[in-house]
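FYI, it's all coordinate maths here, none of it is from the lab. Note that the coordinates shown come from a computational prediction; the quantities given were computed from them, not determined experimentally. Positions of Cβ are generated from backbone atoms using ideal geometry, with glycine treated the same way; all protein chains shown enter the neighbour counts.
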Amino acid sequence: MTVPNTAGRRRFTPAAAWRAGRWPLTALATYLVIGNALHHWVFPPPPPDPATFPRAGDEFGSRFEGFHQRIVDIVDGWAVTELTLDPGAPGPPLHFHRTFAEHFHVQEGTLHLQLPDGVLALGSGESYRVEPMTPHRPFNPTDERVVVFSEEPLLPQSFAACLVQLYPRLDEAEGVNLSLLLQMSVIDPICDTHLAEAPRPVLAGMNLLLAPAARLLGYRNYDPALALHPPGETGRSE
């Protein structure tokens, strides 16, 4: 009878697994702690200059989303906007806002609004208020344009500035890719728009993971070169 020679073999145990994985785990923990400390507290991104934010009369949009935004008025840091959706516009990814609601009042066409419990179709003259923390996606599957407008100032001016920053990157990527996620990880504190496809703890953990790397790669929370009103331009934000 032959006895298997097990001399020199290591048994796989939890202790052995810990010894094998402790250095990668230690490196990851060090990166998360030190990287986020540097990002948030030691070298925090400078706040954007409100004078560069969109003003009444400004227009901007996204070819990929099929959206065209016009700032009608600014009231105490809140924007009155007109949103036009092209025929067949897919709209943004499913997302939510933590601190503000969105009010969709349809002036022309039929707006489709994806919500947690299904898709709502709003015709001309109809309205719907999306509360904070509610995932939603406005889109237009019809062959006619849709115009959404509200006389009340409902969007933060800083959010309009955020869209001006994200739209060019979204159009370049033709959707959400790693570059856009890196950008969103550092723009998050001033943007308040969050992807809703993954659980919120996962998104929060992803931002903790990506933000230090994004800063090292040169991503900024606000790029004055993309602003509609460059720093030093004559005139003040409304």
### Message
To test your reading of the geometry: what angle, between 0 and 90 degrees and rounded to tens, separates the Cα axis of helix 178-191 from the longest principal axis of the chain?
### Response
60
## Note on the structure
The long-range amide H neighbours of residue 89, using H built 1.01 Å from N in the peptide plane and a cut-off of under 5 Å, are 140
### Query
Principal axis lengths of the stretch 19-82 from Cα atoms, whole Å, largest first?
61, 29, 14
### Message
Relative contact order of the chain, please, whole-number percent, based on alpha carbon pairs below 8 angstrom and at least 6 residues apart.
### Response
23
### Query
Helix 14-37 versus the longest principal axis of the chain: what angle, 0 to 90°, nearest 10, using Cα atoms?
30
### Summary
Counting only residues 5 or more apart in sequence or on a different chain, those whose built amide H sits under 5 Å from that of residue 74 are 56, 80
### Message
I'd like the FRET efficiency for residue 59 and residue 38, computed as 1/(1 + (r/R0)^6) with the beta carbon distance as r and R0 of 30 Å, rounded to 0.05.
### Response
0.20
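For the chain, what is the charge dipole size about the Cα centre, in debye to the nearest 20, if Lys and Arg each add +1 at the Cβ and Asp and Glu each add -1 at the Cβ? It would help to have the intermediate numbers written out before the result.
Details: 17 positive and 26 negative charges, 453 e Å.
In total the dipole reaches around 2180 debye.
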## Note on the structure
Residue by residue through the stretch 202-218, the couplings from Karplus 6.51 cos²θ - 1.76 cosθ + 1.60 with θ = phi - 60°, in Hz, x for Gly and Pro, are 5, 5, 5, x, 5, 5, 4, 6, 8, 4, x, 5, 4, 5, 5, 7, x
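Are there GluC sites (Glu not before Pro) in the stretch 109-215 that DSSP marks as loop and that have at most 10 other Cβ atoms within 10 Å, and which are they?
Details: sites: 126, 144, 151, 172, 174, 197; in loops: 126, 144, 151, 174, 197.
Here the GluC sites (Glu not before Pro) that fit, given the DSSP loop and packing criteria, are 151, 174.
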### Message
Within the stretch 47-64, list the residues whose amide N lies under 18 Å from a label point set 7 Å along Cα→Cβ of residue 72.
### Response
54-61
#### Entry: Part-to-part distance (alpha-carbon centres) for the stretch 141-156 and the stretch 77-111, which is given in Å
5
### Query
Which peptide among 182-188, 219-225, 109-115 comes first, and what is the full order, when sorted by highest mean count of other Cβ atoms within 10 Å?
182-188, 109-115, 219-225
### Task
For the chain, find the longest principal axis of its Cα atoms and tell me its angle to the long axis of helix 157-173, 0 to 90°, nearest 10.
60
### Task
Identify, among 124, 205, 134, the residue whose Cα sits farthest towards the positive end of the charge dipole of the stretch 55-226, taking +1 on the Cβ of Lys and Arg and -1 on the Cβ of Asp and Glu, with the dipole about the Cα centre.
205
### Task
Tabulate in residue order the Karplus-calculated ³J(HN,Hα) for the stretch 83-95, using 6.51 cos²θ - 1.76 cosθ + 1.60 with θ = phi - 60°, rounded to whole Hz; enter x for Gly and Pro.
10, 10, 9, 5, x, x, 4, x, x, x, x, 4, 8
### Overall dimensions of the chain by Cα: Rg and Dmax, Å
23.2, 94
